Amino acid sequence: MIEAATPETIAEFVAAQLSDELAASPQGAGDLPIAITVPGGSTPFPIFEALVRHPLDWSRIIVWPNDDRIVAEDHAASNTGKLRSIFEPVGAQVVALPSAEEPPRFALAWLGMGADGHIASLFPNTDPQTDDAQLIRRLTPDPLPPEAPFDRITLTIPALLNSGQLMFTLGGSAEKRSVFEAALASEHNLPVARLIGAVGEQTLTCFV
């Protein structure tokens, strides 16, 4: 657990991971893309804004949302539309989940978490499975969050686990920290605990 990190500190961490991944590309394969998946919500956007100020080869980076609301990209609730506005001006590619094919292996799966233990749009009522045969699912949270009462499209646990590193940002919430620590200790079976319980060789970092 990394305490009291600022958006700039977290952005530096992510930029360093991406820089290492870009440098590790095989000789002569400079055009190979690096894929990452990132969360929506309010916490990550100041971090994204700090991240894109880093001088990376953004043309080789593909950004996948963890999930999205099934709305038009110009809708205020669209994660994809917001990600495009930040990452595409620096040259990165942003994938829209409704039109996506099979997700790749991610260099970094960056996740948020709700106080109810949900990750991406894998809410407790959706009963996400670590052996889900589908990598992308459409589903409906129950109850629908009043601030975003929309059906969702989301990466599943196997898609998120197909990554080199896992990172969580909890936005300084004591409630979320308690749920996350209980997941680490296998004290509940909420979606975040299911994912953490299935982590293999991935590095797991959490900014609280």
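Things to note:
- Dividing the helix sum by the residues of the chain, where each DSSP H run of 4 or more adds -39500 (n - 2.57), gives a mean residue ellipticity at 222 nm of -8000 deg cm²/dmol.
- Derived scalar couplings between HN and Hα for region 142-149 equal 9, x, 5, x, x, 7, 8, x Hz in order, rounded to whole Hz, by the Karplus curve 6.51 cos²θ - 1.76 cosθ + 1.60 (θ = phi - 60°), x for Gly and Pro.
- Accessible surface of region 44-181, 1.4 Å probe, proportion on carbon and sulfur as whole %: 49 percent
- Our coupling estimate for region 102-114, obtained by passing each phi through the Karplus curve with A = 6.51, B = -1.76, C = 1.60 and θ = phi - 60°, is 5, x, x, 6, 8, 5, 9, 9, 9, 10, x, 7, x Hz, Gly and Pro reported as x.
- Dipole in debye (nearest 20) - region 1-60, about Cα centre, beta carbon charges: Lys, Arg +1; Asp, Glu -1: 120 debye
- Leading residue at positive end of dipole, region 63-208 (Cβ point charges), from P145, T169, G117: T169
- Per-selection Kirkwood Rh - region 115-208 (Cα, Å, 1 d.p.): 13.8 Å
- Sequence-distant residues sharing a close amide H with T205 (under 5 Å, placed H): L166, M167, F168
- Hydrodynamic radius (Kirkwood) for region 29-102, which is based on Cα pairs only, to one decimal in Å: 12.7 Å
- FRET efficiency for the A77 to A185 pair, using the beta carbon distance and R₀ = 25 Å, is estimated at 0.15.
- Residues whose amide H falls under 5 Å from that of A35, counting only those 5 or more places apart or on a different chain, are I62, A107, with hydrogens built in the peptide plane.
- The string of couplings for region 56-62 from the Karplus curve (6.51, -1.76, 1.60, θ = phi - 60°) is 8, 7, 5, 5, 9, 10, 10 Hz, one whole number per residue in order, with x for Gly and Pro.
- Pair-distance profile P(r), taking every C-alpha pair of the chain, with 5 angstrom steps and integer %: 1, 7, 16, 21, 22, 18, 11, 4, 1, 0, 0
- Per residue accessible area of the chain, 1.4 Å probe, in Å²: 46 Å²
The values are calculated or read from the model by the stated rules, or taken from the named source; none is laboratory data. These numbers come from a predicted model, not from an experiment. Ideal geometry is used to build each Cβ from the backbone, glycine not excepted, and the neighbour counts take in all protein chains shown. For the accessible areas, the whole protein counts, side chains as well, though only heavy atoms, and no ligand, DNA or RNA atoms are used. Shrake-Rupley method; radii C 1.70, N 1.55, O 1.52, S 1.80 Å.
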